[in-house]
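Report on the following structure.
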Amino acid sequence: MKIGREEVERVALLARLRLTEEEKDVFAKQLSQILDHIAHLNRYETAEVEPTTTVTGQVNVFRDDAVRPSLPVEQVLANAPEREGDGFRVPKIIDER
Amino acid sequence: MALHKLSLYELQRKFTAGEVSAAEIVHAYGLRIAHVEPKIRAFVTQTKDQAMAHAEVLDRRLKQWRKTEPLMGMPIAIKDNICTEGVPTTCSSRMLQHFVPPYDATVVAKLRKQEYLLIGKTNLDEFAMGSSTEHSAFGPSRNPWNLQCVPGGSSGGSAAAVAADECVAALGSDTGGSIRQPAAFCGVVGLKPTYGRVSRYGLVAFASSLDQIGPITKDVRDAALLLNVIAGHDPLDSTSADVPVPDYTKALTKKHLKKLRVGVPQEFFTEGLDPDVEGAVKAAISELKNLGGEIKDIELPRTDAAVAVYYVLATAEASSNLARFDGVKFGLRAKETKDLLDLYMKTRQEGFGPEVKRRIMLGTYVLSAGYYDAYYGKAQAVRTMIRQDFETAFKEVDVIVTPATPTPAFKLGEKSEDPLQMYLSDIFTISVNLAGLPAIALPCGVSKSGLPIGMQVIGRPFEEETILRVAHAYEQTTQWHLKKPPIR
């Protein structure tokens, strides 16, 4: 599988990763090599095989919808890169019209 | 004998008997760390001072009321992707360089309840993605047997710290071999429990269908002792299993392996296997036969597909799990960004190293529209076939024995430019994670170049007792675990 620079740019945007021009070239080459290795999986006929999503066989694990103690606000915000009052400060995402 | 050379079991006995105080233990380990750590660099954060303060409190209390717990006063190191309240947990990443968790992982809470002593947080490949610790944002750790060699990874710091006697035992995490491969490279014991055996609450998630926490120790008994404490169901981890926890040390009483069927998969003894490793593991299999084990050839025909399946599923899960590192609530935030998208993209560019970016890219690609069925769906199906291979084999045998790695530890820089070669170094450990099985790596020899060789014993789900029994019986007759690295 040959991955080109445009494909790398498409995936990087999906992954919210900014890449340098050099990284784009390197990843195009390396991802192509790795996908070539992964293509070996096509040797296996899997049309009749159930996919594995979990090895435990668990389906859903529920708990009671009850109020439990949670971390105090100050502890939650202690790692915030920027805060304002009791909230996380982020760039504006809605334009004023 | 110097305190730092003792096993967990031996140190525990001395401490419980009152022959040594907690402060003396921390003092001895402090000296040892000061002496070897500049060469090994096993730790991201050292917590000797906090450990000493805690030790003094313990000693004062024990003078008045002598009541101990199995891990009380024991200096244990924790891999730096397992959350420790109030102590930085960096994942060896710039992204989390200044992150101080507001809570303990469940495994840490269990150790803390017994009043263990946290001696430090150990280095890893960034976010546990790698096989050498060379992908740590803070520089690689070194192999105590040869400082030019890697300690393995991703739990390389934990394995190196145990091997160099910088802690009495450590915790690691294993997604594709990250406990067993560094344990083999450093000549120590590493146990990956059954998926669901140990709670992962507070383990920074890499690939959620594969990750497990487990012990890295100086011998098999110590692994059982540590597993006794960390195993068990946890309401905070919905994938943890509600299966009773036995006393794993009870599995260590038998000295023979009579009536035990040992499977040897031929697929693990092919080209690419280092001759020293092959010789050592075959000698170990003969030893298991001498102990009464019945050796049987078995087939695991889809072994060669494991690496490909893993690098689809693990990267897909990682690309999703690592989406949370967006610069909003915790961790790094890039400066001078023009809008929200720019903040995401620049933060992730600055915060992640090359291997993490590569895996996020691969994982995003295989999940993206048009490729999902061809890659992700296909890999999930072949994963089923790999599990079926093990199920079939375990109808005929009770354990499976293989080399833990194809070669002894490689040199720093040897594989760091070629990601695929690095990935292939995990070929013997990965299929165990895909099948969710328990497996233990333990020393079984030394190569001509003076590096340790590890074997792997794989068991049925929740049969940790069986693999511990086999490993312990072997260890008792051969004593490879007593060989120490040349570092003094």
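Bear in mind that the values in this text are calculations on the coordinates, not laboratory data. The model shown is predicted, which means the values in this text are computed figures rather than measured ones. With ideal geometry, Cβ positions are generated from the backbone for all residues, glycine too; neighbour counts draw on all protein chains shown.
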**Fill in**
Surrounding charge for B:ALA441, neighbours by C-beta under 11 angstrom, Lys/Arg +1, Asp/Glu -1, total +1
**Request:** Give me D for segment B:304-379 in µm² s⁻¹, whole number, from Stokes-Einstein with Rh from the Kirkwood sum over alpha-carbon pairs, 4 °C and 1.567 mPa s.
**Result:** 97 µm²/s
**Request:** Show the residues, 5+ positions off or on another chain, whose built amide H is closer than 5 Å to the amide H of B:GLY120.
**Result:** B:THR47, B:ILE78
**Item:** Efficiency of FRET between A:LEU71 and A:LEU14 - r from beta-carbon atoms, R0 35 angstrom, step 0.05
**Value:** 0.65
**Complete:** Candidate cut points under trypsin sites (Lys or Arg not before Pro) in segment B:299-392, DSSP loop plus at most 11 other Cβ atoms within 10 Å of their own Cβ, are B:LYS335, B:LYS338
**Request:** Give me D for segment B:36-141 in µm² s⁻¹, whole number, from Stokes-Einstein with Rh from the Kirkwood sum over alpha-carbon pairs, 20 °C and 1.002 mPa s.
**Result:** 147 µm²/s
**Asked** Relative to the Cα centre, what is the charge dipole magnitude of the protein assembly as shown, using +1 at the beta carbon of each Lys and Arg, -1 at the beta carbon of each Asp and Glu, and rounding to the nearest 20 debye?
**Response** 1460 debye
**Asked** In sequence order, what are the phi-derived ³J(HN,Hα) couplings for segment B:412-417 according to the Karplus relation 6.51 cos²θ - 1.76 cosθ + 1.60 with θ = phi - 60°, rounded to whole Hz, with x for glycine and proline?
**Response** 4, x, 5, 10, 6, 8
**Prompt:** What are the residues whose amide H is under 5 Å from the amide H of B:ARG261, where those residues sit 5 or more places off or on another chain and H is modelled from the backbone?
**Reply:** B:GLU294, B:ASP398, B:VAL399
**Item:** Computed helical MRE - 222 nm, chain B, DSSP H runs ≥ 4 contributing -39500 (n - 2.57), nearest 500
**Value:** -11500 deg cm²/dmol
**Asked** From the backbone phi of segment B:166-177, what are the Karplus-calculated ³J(HN,Hα) couplings (6.51 cos²θ - 1.76 cosθ + 1.60, θ = phi - 60°) in whole Hz, Gly and Pro given as x?
**Response** 8, 7, 7, 6, 8, 9, x, 10, 9, 10, x, x
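Using only alpha carbon positions, build the gyration tensor of the protein assembly as shown, then give the equivalent ellipsoid semi-axes as the square roots of 5 times its eigenvalues, largest first, whole angstrom.
So the three semi-axes of the protein assembly as shown are 35, 31, 22 Å.
To the nearest 20 debye, what charge dipole does segment B:13-54 have about its Cα centre, counting +1 at the Cβ of each Lys and Arg and -1 at the Cβ of each Asp and Glu?
Numbers: 6 positive and 4 negative charges, 38 e Å.
It works out to roughly 180 debye.
Given the Cα-Cα distance of B:ARG488 and B:GLN266 and 0.36 nm per residue of separation, how much length would full extension add, in nm?
Full extension of this stretch gives 76.0 nm more.
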**Complete:** For segment B:356-488, whose charge dipole is built from +1 on Lys and Arg Cβ atoms and -1 on Asp and Glu Cβ atoms, the candidate among B:GLY445, B:ILE400, B:TYR474 with its Cα farthest towards the positive end is B:GLY445
**Asked** With each run of n ≥ 4 DSSP H residues scored as -39500 (n - 2.57), what mean residue ellipticity at 222 nm is computed for chain A after dividing by its residue count and rounding to the nearest 500 deg cm²/dmol?
**Response** -10500 deg cm²/dmol
**Message:** With 15 Å as the cut-off, how large is the P(r) tail for segment B:142-186, expressed as percent of Cα-Cα pairs?
**Reply:** 30 percent
**Bridge type composition, chain B - antiparallel percent by DSSP, nearest 5** = 65 percent
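If R0 is 60 Å, what FRET efficiency do you get for B:HIS233 and B:LYS448 from their C-beta distance, rounded to 0.05?
Efficiency, rounded to the nearest 0.05: 0.85.
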**Asked** Taking segment A:1-55, which trypsin sites (Lys or Arg not before Pro) meet the DSSP loop condition and have no more than 14 other C-beta atoms within 10 Å?
**Response** A:LYS2
**Item:** Ordering of B:77-84, B:238-245, A:61-68 by packing [mean C-beta count within 10 Å, highest first]
**Value:** B:77-84, B:238-245, A:61-68
**Complete:** Note, segment B:137-152: 3J(HN,Hα) by Karplus (6.51, -1.76, 1.60, θ = phi - 60°), whole Hz, Gly/Pro = x, goes 5, 10, x, x, 8, 10, 7, x, 7, 6, 5, 7, 9, 6, x, x
**Message:** Give the average over all directions of the projected area of the C-alpha convex hull of chain B, one decimal, in nm².
**Reply:** 22.1 nm²
**Message:** Treating only the Cα positions of segment B:331-479 as identical point scatterers, give the base-10 log of I(q)/I(0) from the Debye formula at each q in 0.16, 0.17 Å⁻¹.
**Reply:** -1.05, -1.10
**Message:** Based on alpha-carbon centroids, what's the gap between segment A:52-73 and segment B:204-273 in Å, whole number please?
**Reply:** 24 Å
**Request:** Take the alpha carbon atoms of segment B:337-357, find their center, do the same for segment B:119-154, and report the distance between the two centers in whole angstrom.
**Result:** 24 Å
